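None of the figures in this text is laboratory data; all of them are computed from the coordinates on show. Given the structure is predicted, the values throughout are model-derived calculations rather than measurements. So basically every Cβ, Gly included, is an ideal-geometry build from the backbone, and we count neighbours across all protein chains shown.
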Amino acid sequence: MQPTDTSHPDYFHRVVDCQWACPAHTDVPEYIRLIAQGRFTEAYMVNRRSNVFPGILGRVCDRPCEPACRRGRVERKPVAICRLKRYAADHRDEVRALLPKVPRVKNGHRIACIGAGCASLTLANDLMPLGYEVTIFEQHGAPGGLMRTNIPAFRLPQSVLDEEIGMILDMGVDLRLDTPIRSLRALLEDGGFDAIFIGSGAPRGKDLLLPGREEAAANVHIGITWLESVAFGHVDRIGERVLIIGVGNTAMDCCRTSLRLGARDVKVMARKPRQFFKASEWELEDAEEERVQIVVNRSPKAFVVRDGRLAGMTFDVMEYDIDASGRITGERVTGEEFFPADDVILAIGQENAFPWIERDIGIEFDARDVPKVDPVTFQSTREGVFFGGDAAFGPKNIIWAVEHGHQAAISIDRYCRGESLTDRPRPRVTLQSRKMGIHEWAYANEYSPVERRLVPHVSLKERFRKIDIEVELGFTAEQAAEETQRCLNCDVQTVFDAKLCIECDACVDICPVDCLTITENGPEDELRMRLKAPALNRSQPLFVSAPLRQTGRVMVKDENLCVHCGLCAERCPTAAWDMQKSHVHWPHAGDVPEPAPRRGERVSEGRVKGDERTVEAGV
Amino acid sequence: MTFIPKPRIDHPNLPRNALGLTRRDYEGALSTLCAGCGHDSITAAIVEACWDLALRPETVVKLSGIGCSSKTTAYFVSRGHGFNAVHGRMPSIATGANAANRHLHYIGVSGDGDTLSIGLGQFCHAIRRNLNMLYIIENNGVYGLTKGQFSASADVGSKAKKGETNLQPPIDPVLLALTLGASFVARSFSGDKRQLVPLIQAGLRHKGFALIDVLSPCVTFNDHEGSTKSYAYTREHYEVAVHADFIPAEREIAVEYSAGEALPVTMHDGSRIVLRKLAEDYDPTDRIAAMAAIQEHMRAGEYLTGLLYFEPSNREFHDICGTTDVPLNSVPYEQLSPGKAGLEKLLARYR
Ligand SMILES: Cc1cc2nc3c(=O)[nH]c(=O)nc-3n(C[C@H](O)[C@H](O)[C@H](O)COP(=O)(O)OP(=O)(O)OC[C@H]3O[C@@H](n4cnc5c(N)ncnc54)[C@H](O)[C@@H]3O)c2cc1C
Ligand SMILES: Cc1ncc(C[n+]2csc(CCOP(=O)(O)OP(=O)(O)O)c2C)c(N)n1
Ligand code: SF4
Ligand code: SF4
Ligand code: SF4
Ligand SMILES: [Mg+2]
């Protein structure tokens, strides 16, 4: 193998599995250390810089970081990253004074955002401090998008939502509520804006056109529309027996909301077996804790109407052939079953819909009627019109919408200054040694064997009293303190200098997880099997050093299970290994493309990756 | 030394041996040696060898004298037995223990100072008696523990860290053991586990005295320019004469050896050593020729390594003395003590 190019910023960034998996590249280990030190306000601000809504995301983030977390490979369960984020948000001090300052004198550029969801709000958060005047048009009477209209208050309290959205609006955003945009052409022609950002989401819930659908209409609801009506108080009850069709995250919110509106018997109907469910494991657990029944292998067939009213639904009973790799290779219907119901909620997906964008104004759509958007710049085929969030590439989640907002902000800033959109500021990684003295390192490197802490919940009796009682209570101080110690400090990197190594094997012998090997170089496949412990997790790269001076062999590190304990550096007589804290500077609007490094920092740089980046979770 | 203990992490893929134990189960206390000391690598090789042989930890007896090297018995197989003798006296303790119970695995760890200076006499007699043990010399050319004085293995012309030159000729434990009739004589290097681990395994399985002289650089007092026992010097002047692969009785010989190139030798317990000659004309079964070849390389300033001499299935200490097969602690008291009358009868033989 070629010696690993550690000067590429992706190299050390990838080692920090959580930060690499986070669409917004939140500096997770840094904020977990701050929480461990009781510095909750600073921890909150580290979060806010990249994810903008730490209090919200600390409750409802999709958490792509957790399946990626190294702790999940070393032990079984990942660090409770998301719950710690909430802990910092709940225990911080007032942060207003720490927020980015907005200049009184504006830069003369006016930006319009369509929709007041998290994508638009992030864009405003990034552009207001640079002197832009941002106007947000929102069709509803309150800002927040799906975070307000669809995510139920028992998961995300309104007070948290209001406070974090308020931090952005108070920068002086011109928010126009109850103002649906009905024609983009009109806005382009008469609005007087320098750039337009479309953050209107994916607002159309999919329907299920089966026999009886029309006759049963009064008791068949589209999930996201129904949740919205509940959020705005237009709907406050539901029948006793409810069937939810679909088993994604929307279905989980629908079933739990139904229980709070008077339903007694709620069944979630799934077409396939459990391993194919779209909902996150924790959302399924929370629903099942509330005694929602999940029925598998039932494919909807017809709505049954009796006496002009919905009586229930019939389903095909399915059977599947599943091969060794877990794929479905065949399916058949083995019977039919009737389930009685007073109401049915459809939660089978969302789509984009842009009836208000004229098709002759230079914005191209593809065959599925989705706008063509550049995955790096977020610009549409019409200059000056940008998309982000669910509106750009279909429904995703909050943290992706936030990152889209950040990237679109970079583009709009460059666009307004007349700079190239593709020549963007690049991510940089800086490194600083953590060695303090003999046997002393500036980070807590003991390995804590503590298992993942569980967040306490409000009792099953208590939580249904009102619709907006938050179910999760958040960690206690003791739990938070213990959980922080489970973090492996992946950002404190093992940095190797081949020139210094005398091949004494001290590091190889001491490594508690057998990650290091000094051996003859070879092709990757063969080398992986020849290491002290075979490197079977291909999603984790090998580090291969330059040839060592005495024998020409190479130092190989399998990054997979390294717990960043620093023992290799501690045992090395020549300091060929050092523990250095990496800091990933993920670019935001207004960042200088090539800032000078600070003293003692080593810099590595590379290209922006954009949306094509894939992250494989560990095995 | 390190103050941070090596954390115990039971990650799911740790390999297990026939007893269901992982390598971690064969480790010992935290090493207090200098970071980078060759002795720590030898400890790691012993851990690997014992784990791979699936020795029951409680059947391992660790014996040593005084020195950095002799401290290392604390750093492996913490579930075994151990005795840290006074300087140079490990062989007599080993002899006593072995006489009392022949069914345990005896591993002696000593230094060049401990063995070749103060303990030279004891060392020679343990070889003569063909005590059934593995004797490892962690050879660094200095007294590490007392801050780097030349030891009896220092080469003529070798420079101390402070600059003085050694003028006295060295004692070579390998040549010495060959003259004393040793049946398993090897030399290796702490930086070459691929060679060292099978040698340790073969030595543990060998019936009789097995010597491995392991070049083990003292990173603090003898790893400088001008030293003949530094990492760099050893690597430059290191020649493998015979590589020995160890294959336990229950395992198949997996690698194909072409005839003439490799010589498989079956040991008393059915395990095999496959000897591969790497230096032409070297014969590890001819004691006299081996001695000559080793001396020739020495004159050229080279370390010849590998299993330098091997002769299987000879009579060990217990066979020669005709002593009991039963460990003394299991012999019934009546049998162990002849009683007054029996003692009288015995003494009468010498009157
Ligand atoms: C039931 C449900 C639960 C979810 N739970 C989670 C979760 O727990 N965690 C998570 O990360 N994600 C969750 N999501 C997904 C997440 O809510 C979205 O991905 C995210 O809100 C997208 O943000 P956005 O800014 O792109 O759009 P949205 O949040 O959809 O905001 C778009 C805004 O634009 C407005 N708008 C639309 N058209 C116009 C127009 N023509 N004129 C003016 N205004 C307009 C809308 O009213 C809305 O306010 C959930 C989604 C649903 C449906
Ligand atoms: C009877 C006695 N004499 C002298 C000493 C001092 N002493 C301690 S260790 C040592 C030499 C150790 O050298 P070596 O066996 O090569 O071990 P190393 O430290 O080099 O591994 C000496 C002379 C002693 N402890 N006891
Ligand atoms: S920091 Fe070094 S010793 Fe610790 S697990 Fe990683 S490679 Fe091994
Ligand atoms: S401890 Fe240091 S000098 Fe020794 S092998 Fe490891 S990196 Fe090389
Ligand atoms: S003094 Fe030398 S022999 Fe002793 S521990 Fe240090 S490096 Fe090893
Ligand atoms: Mg010595």
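Looking at region B:30-39, is at least one residue small (Gly, Ala, Ser) and out of contact with any Cys (no Cβ under 9 Å at 6 or more places or on another chain)? Within region B:30-39, not a single residue is small (Gly, Ala, Ser) and out of contact with any Cys (no Cβ under 9 Å at 6 or more places or on another chain). Flag: B:Glu334 does not match the condition of being without any contact (Cβ under 8 Å) to a residue 60 or more places away in the chain, surrounded by 10 or more Cβ atoms within 10 Å (Cβ to Cβ) and not β-branched (Val, Ile, Thr). Out of everything in region A:163-208 that is out of contact with any Phe, Trp or Tyr (no Cβ under 6 Å at 6 or more places or on another chain) and of a type in the set (Val, Ile, Thr), what residue ends up being surrounded by the most Cβ atoms within 10 Å (Cβ to Cβ)? Applying the filter and picking the extreme gives A:Ile168.
Scanning region B:265-289 for residues that are in a loop (DSSP other than H, G, I, E, B), surrounded by 18 or more Cβ atoms within 10 Å (Cβ to Cβ) and aliphatic (A, V, I, L, M) turns up just one, B:Met267. In this structure, is A:Leu123 in contact (Cβ under 8 Å) with a residue 40 or more places away in the chain, of a type outside the set (Ser, Thr, Tyr) and closer than 30 Å to A:His457 by Cα? No; evaluated as a whole, the condition is false for this residue. Looking only at region A:272-294, decide whether some residue is part of a loop (DSSP other than H, G, I, E, B), under 23 Å from the mean Cα position of the chain (by Cα), within 22 Å of A:Glu470 (Cα to Cα) and in contact (Cβ under 8 Å) with a residue 24 or more places away in the chain. Checking region A:272-294: at least one residue is part of a loop (DSSP other than H, G, I, E, B), under 23 Å from the mean Cα position of the chain (by Cα), within 22 Å of A:Glu470 (Cα to Cα) and in contact (Cβ under 8 Å) with a residue 24 or more places away in the chain.
Taking the criterion of being assigned to a loop (DSSP other than H, G, I, E, B) and buried (at least 23 other Cβ atoms within 10 Å of the Cβ), the residues of region A:123-141 that qualify are A:Tyr132, A:Glu138. Of all residues in region A:493-504, one or more are within 14 Å of chain B (Cβ to nearest Cβ), more than 16 Å from ligand 1 (Cβ to nearest atom), closer than 30 Å to A:Pro541 by Cα and in contact with a Leu (Cβ under 6 Å, 6 or more places away or on another chain). Pick from region A:509-525 the residues that are facing chain B (nearest Cβ under 8 Å) and among the hydrophobic types (A, V, I, L, M, F, W, C): which of them is farthest from B:Ser190 (Cα to Cα)? Taking the candidates together, the pick is A:Val513. So, in region B:121-152, of the ones that are within 14 Å of ligand 6 (Cβ to nearest atom) and of a type in the set (A, V, I, L, M), which residue ends up farthest from B:Ser69 (Cα to Cα)? Here the residue is B:Ala152. Note on region A:532-541: residues that are within 12 Å of chain B (Cβ to nearest Cβ) and surrounded by 15 or more Cβ atoms within 10 Å (Cβ to Cβ) amount to 4. Tallying residues that are more than 14 Å from chain B (Cβ to nearest Cβ), surrounded by fewer than 21 Cβ atoms within 10 Å (Cβ to Cβ) and outside any loop (DSSP other than H, G, I, E, B) within region A:61-81 yields 1.
For region B:302-351, the helices (runs of 4 or more DSSP H) that sit wholly inside it and include 3 or more residues that are closer than 21 Å to B:Ser183 by Cα are B:317-321.
Any chance you could count how many residues in region A:484-532 are more than 27 Å from B:Leu30 (Cα to Cα) and in contact (Cβ under 8 Å) with a residue 40 or more places away in the chain? So the answer is 6. Which of the residues spanning region B:9-54 are among the polar types (S, T, N, Q) and either at the interface with chain A (Cβ under 8 Å from one of its Cβ atoms) or assigned to a helix (DSSP H, G or I) (or both)? B:Asn13, B:Ser41, B:Thr43 - these are the residues of region B:9-54 that are among the polar types (S, T, N, Q) and either at the interface with chain A (Cβ under 8 Å from one of its Cβ atoms) or assigned to a helix (DSSP H, G or I) (or both).
So that you can scan it fast, the table gives a plain yes or no per residue for (1) in a helix (DSSP H, G or I); (2) closer than 22 Å to A:Ile357 by Cβ:
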position: A:Cys113; (1), (2): no, yes
position: A:Leu121; (1), (2): yes, yes
position: A:Pro143; (1), (2): no, yes
position: A:Phe154; (1), (2): no, no
position: A:Glu163; (1), (2): yes, no
position: A:Pro180; (1), (2): no, yes
position: A:Arg185; (1), (2): yes, yes
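Of all the criteria given as (1) outside any loop (DSSP other than H, G, I, E, B); (2) within 16 Å of ligand 3 (Cβ to nearest atom); (3) free of Cβ contacts under 8 Å to residues at least 60 places away in the same chain, the one not satisfied by A:Ser448 is (1). Taking the condition in contact (Cβ under 8 Å) with a residue 12 or more places away in the chain and part of a loop (DSSP other than H, G, I, E, B), does A:Arg48 pass? The answer is no for A:Arg48.
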